[in-house]
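Reviewing the structure listed below.
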Amino acid sequence: MNCNKDSGTNIPADTAATIDITTPITGLSYLNGSNLSITGTIADNDVLATAKVEVRNKTTNAILFQQTDNTGNVGFYRYTWNWTISGITGPTPGNVKIISKDKYGRETSKDIDINFSN
């Protein structure tokens with residue numbers, strides 16, 4: 001007699017999320033004191049749990065802005081984050097990274113490089 005018991009730990013093979021960054025635009029320069037709008041979409045067949053943005057100073061790796069949203073267990077999420085750029089005293093290379101986490105805790109990320117100036 002063969003008895004199979006589902007332990008609840010059967011996690012399907014991962015299908016990585018698809019992340020699209022609409023804005024900001026790679027390589028452009030954004031001014032201190034202006035609004036940086038970060039928009040795009042995330043799709044994941046494994047159902048999203050969270051979406052996060054990190055904006056970093058690429059030279060020092062310091063986090064300039066970050067925010068995490070609970071996505072509500074959806075397969076498609078449209079994100080919009082806004083940050084008033086601050087703390088920039090001269091030309092500064094930056095990086096915007098979007099990180100998604102599915103309901104199993106698996107992460108996918110995408111990033112782009114931008115520039116800041118005062």
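The values are calculated or read from the model by the stated rules, or taken from the named source; none is laboratory data. Quantities reported herein were computed from a predicted structural model and do not represent experimental measurements. Note that each Cβ is placed from the backbone with ideal geometry, even for glycine, and that neighbours are counted across all protein chains shown. What goes into the accessible areas is simple: the full protein's heavy atoms, side chains included, and nothing from ligands, DNA or RNA. Shrake-Rupley method; radii C 1.70, N 1.55, O 1.52, S 1.80 Å.
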Practice prompt. Pairs only if they're at least six apart or on different chains, beta carbon under 8 angstrom, first in the stretch 5-30 and more than 14 Å from Thr80 (Cα to Cα), second among the aromatic types (Phe, Trp, Tyr) and at pLDDT 95 or above; list them, first residue then second.
Written response: Ser29/Phe116; Tyr30/Phe116
Response to the item:
Filtering the stretch 62-114 down to residues that are over 23 Å from Ala16 (Cβ atoms) and either within 11 Å of the chain's Cα centre (by Cα) or open to solvent by 60 Å² or more (accessible area, probe 1.4 Å) (or both) yields Ile63, Asn82, Thr84, Ser86, Gly87, Thr89, Pro91
Item to complete: Would you mind stating whether Thr26 is exposed (fewer than 13 other Cβ atoms within 10 Å of the Cβ) and modelled with pLDDT of 95 or more?
Response: yes
Worksheet item: Which ones in the stretch 29-42 are surrounded by 15 or more Cβ atoms within 10 Å (Cβ to Cβ) and either under 19 Å from Ala16 (Cα atoms) or small (Gly, Ala, Ser) (or both)?
Response: Gly40, Thr41, Ile42
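Looking at Asn45, is it in a loop (DSSP other than H, G, I, E, B), open to solvent by 40 Å² or more (accessible area, probe 1.4 Å) and touching a Lys or Arg at 6+ places or on another chain (Cβ under 7 Å)?
No, not satisfied.
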